[in-house]
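*Asks:* The following block contains the structure, expressed as structure tokens.
The values are calculated or read from the model by the stated rules, or taken from the named source; none is laboratory data. Since this is a predicted model, take the numbers as computed values, not measurements. Please note: Cβ atoms are built from the backbone with ideal geometry, for glycine as well, and neighbour counts cover all protein chains shown.
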Ligand code: HEC
């Protein structure tokens, strides 16, 4: 009986950990595969999003095609993002930008809002994310506008 209760308790604890993960800005729902915004003050801006998206800092364009004529070199490792806002809602796009490996652990796409702390991470990058929460929101707004 004791074992039974302990097993149930452990099961309960682990499942509540798995279903959602919290940080100050976003809440990931692992069963629905979405990332909700927690901080209402965080509002994305389409033109900033387009700028970050096109910047070489994040290199989205090295793998994706997008409707930006000025950018001549666009990649095709990932799906074209033309019309992505008609295929997904903001919560679905947000999860893909934050950490697409939650959906496909084999994905070659970097996790843009996941703290880096591998054994060999240089000290200046430790516990940092590639994009800030604001940049994630800007990119989400930009991609959602592509319909
Ligand atoms: C190294 C290549 C690579 C880079 C860089 C990259 N992606 Fe991706 N991305 C992919 C691949 C591959 C997929 C397909 C999903 C998978 O891997 O399971 C994908 C999927 C996506 C999707 C879902 C598209 C769909 O139709 O399902 C979105 C949205 C997306 N990426 C946005 C971005 C953004 C925004 C950036 C830059 C901040 C970026 N990606 C950078 C490779 C990349």
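*Asks:* Would it be correct to say that residue 9 is part of a helix (DSSP H, G or I) and either modelled with pLDDT under 95 or within 25 Å of residue 115 (Cα to Cα) (or both)?
*Replies:* yes
*Asks:* Please determine, by comparing only the residues of the stretch 102-127 that are touching a residue at least 12 places away in the same chain (Cβ under 8 Å) and more than 8 Å from the ligand (Cβ to nearest atom), which one is farthest from residue 31 (Cα to Cα).
*Replies:* Within the stretch 102-127, the first condition is being touching a residue at least 12 places away in the same chain (Cβ under 8 Å), and the residues that meet it are 102-103, 108-116, 127.
Filter again for more than 8 Å from the ligand (Cβ to nearest atom), leaving 102, 111, 113-116, 127.
Numbers: 102: 10, 111: 19, 113: 19, 114: 19, 115: 22, 116: 24, 127: 26 Å.
Among those residues, the one meeting the criterion is 127.
*Asks:* Another question, then. Anything in the stretch 40-77 that is within 16 Å of residue 98 (Cα to Cα) and surrounded by 13 or more Cβ atoms within 10 Å (Cβ to Cβ)? List them, or say none.
*Replies:* Residues satisfying the conditions are 42, 44, 49, 52, 53, 58, 59, 60.
*Asks:* Right, something else. Consider the stretch 128-137. How many of its residues are in a helix (DSSP H, G or I), more than 10 Å from the ligand (Cβ to nearest atom) and closer than 17 Å to residue 56 by Cα?
*Replies:* Adding up the residues that qualify gives 0.
*Asks:* Mind listing whichever residues of the stretch 33-88 are at positive phi and within 11 Å of the ligand (Cβ to nearest atom)?
*Replies:* 59, 83
*Asks:* Restricting the search to the stretch 12-48, which residues are modelled with pLDDT of 95 or more and assigned to a helix (DSSP H, G or I)?
*Replies:* Result: 46, 47, 48.
*Asks:* Can you tell me which of (1) buried (at least 18 other Cβ atoms within 10 Å of the Cβ); (2) over 9 Å from the mean Cα position of the chain (by Cα) is the one residue 96 doesn't meet?
*Replies:* Evaluating residue 96 over (1) buried (at least 18 other Cβ atoms within 10 Å of the Cβ); (2) over 9 Å from the mean Cα position of the chain (by Cα) leaves (2) as the failure.
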